[in-house]
Amino acid sequence: ETDNSIEEYKRLADLDPENASVHLSIGNIYSRQGKIDEALIEYKHVVTLAPDSPIGYNELAYQYAESGANLDEGLEYALKAAELAPKDAAILDTLGWVYFKRGNFNKASGSLKTAVATRPNSPTIRFHLGMTYYRNGNLKNALNEYKHSLKISGRFKEAPKAKEMIKSIENQLDQTQK
């Protein structure tokens with residue numbers, strides 16, 4: 001998706017300024033391009049235009065979690081999204097990931113376990129749960145989640161990190177058995 005796509009969506013936004021979907025699409029393009037500040041502006045438009053939809057809140061929370069910035073604000077957005085869609089696996093994943101980034105690994109674990117139960121074939125959610133297990137010192141469950149995530153797909157964004165974590169944990173477990 002190029003800047004031409006953004007220009008087309010901006011023309012649509014000019015024609016229909018109350019259309020939250022247009023701003024969501026622009027935000028998603030900016031996010032994929034790594035233009036996070038621009039994406040955040042668009043996602044905030046989504047929240048303003050569609051305050052009863054969890055999508056804008058979830059996107060804002062996820063951006064903050066991924067960047068590690070404004071995690072208090074990210075948690076507020078994640079909690080609002082979870083309030084609006086309490087059974088949505090993607091939203092529970094975001095909530096868990098925000099908790100993880102804030103260092104609250106027990107709360108992260110609860111949200112992420114529920115997300116995995118709801119969507120067991122998401123490699124990203126499995127990876128996030130693995131990270132949480134790892135930070136809680138539960139190496140065997142972490143190893144299991146990383147392996148499971150790669151069994152689902154070797155091509156998700158965090159796959160290289162999952163492979164790295166598998167090697168690290170296997171080395172740690174080998175050391176403890178000697």
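Please go through the stretch 132-178 and give me each residue that is surrounded by fewer than 14 Cβ atoms within 10 Å (Cβ to Cβ), closer than 21 Å to residue 114 by Cα and of a type in the set (D, E, K, R), ordered by number.
The answer is 140, 151.
In the stretch 113-144, what residues are farther than 20 Å from residue 176 by Cα and among the charged types (D, E, K, R)?
Hits for the stretch 113-144 are 113, 119, 126.
State which residue pairs qualify: first residue closer than 13 Å to residue 41 by Cβ and inside the stretch 3-25, second residue open to solvent by less than 100 Å² (accessible area, probe 1.4 Å) and aromatic (Phe, Trp, Tyr) in any location, beta carbons under 8 Å apart, and separation of 6 or more residues or different chains.
6/30; 23/43; 24/43
In the stretch 1-51, which residue that is assigned to a loop (DSSP other than H, G, I, E, B) and acidic (Asp, Glu) is nearest to residue 157 (Cα to Cα)? If you could, list the steps in order and put the result at the bottom.
Going residue by residue through the stretch 1-51, those that are assigned to a loop (DSSP other than H, G, I, E, B) are 1-2, 16-19, 33-35, 50-51.
Among the residues that remain, those that are also acidic (Asp, Glu) are: 1, 16, 18.
Numbers: 1: 18, 16: 34, 18: 33 Å.
Here the answer is 1.
Taking residue 83, is it touching a Pro at 6+ places or on another chain (Cβ under 9 Å), among the acidic types (Asp, Glu), at pLDDT 95 or above and closer than 25 Å to residue 96 by Cα? Give the steps one after another, and end with the answer.
Working: touching a Pro at 6+ places or on another chain (Cβ under 9 Å): yes; among the acidic types (Asp, Glu): yes; at pLDDT 95 or above: yes; closer than 25 Å to residue 96 by Cα: yes.
Against the criterion (touching a Pro at 6+ places or on another chain (Cβ under 9 Å), among the acidic types (Asp, Glu), at pLDDT 95 or above and closer than 25 Å to residue 96 by Cα), residue 83 qualifies.
Taking residue 31 and the conditions (1) under 17 Å from the mean Cα position of the chain (by Cα); (2) farther than 17 Å from residue 97 by Cβ; (3) among the small types (Gly, Ala, Ser), which numbered condition does it fall short on, given that it satisfies the others?
It fails just one condition, (2).
Tell me yes or no: at least one residue of the stretch 96-116 is assigned to a loop (DSSP other than H, G, I, E, B) and farther than 22 Å from residue 70 by Cα. Show your work before the answer.
Restricting attention to the stretch 96-116, the residues satisfying the condition of being assigned to a loop (DSSP other than H, G, I, E, B) are 102-104.
From the residues that got through so far, the ones that are farther than 22 Å from residue 70 by Cα too are none.
No - not one qualifying residue is present in the stretch 96-116.
Can you tell me which residues in the stretch 43-70 are among the hydrophobic types (A, V, I, L, M, F, W, C), out of contact with any Leu (no Cβ under 6 Å at 6 or more places or on another chain) and either under 25 Å from residue 10 (Cα atoms) or surrounded by 20 or more Cβ atoms within 10 Å (Cβ to Cβ) (or both)? Show your work before the answer.
So in the stretch 43-70, the residues among the hydrophobic types (A, V, I, L, M, F, W, C) come out as 46-47, 49-50, 55, 60-61, 65, 69.
Subsequent filtering for residues that are out of contact with any Leu (no Cβ under 6 Å at 6 or more places or on another chain) retains 47, 49-50, 55, 60-61, 65, 69.
Listed by number, the residues that qualify are 47, 49, 50, 55, 60, 61, 65.
The values are calculated or read from the model by the stated rules, or taken from the named source; none is laboratory data. The shown structure was predicted, so the numbers you read here are calculated from the model rather than taken from an experiment. Cβ: placed from backbone, ideal geometry, glycine included. Neighbour counts: every protein chain shown. Accessible surface areas use protein heavy atoms only, side chains included; no ligands, DNA or RNA. Shrake-Rupley method; radii C 1.70, N 1.55, O 1.52, S 1.80 Å.
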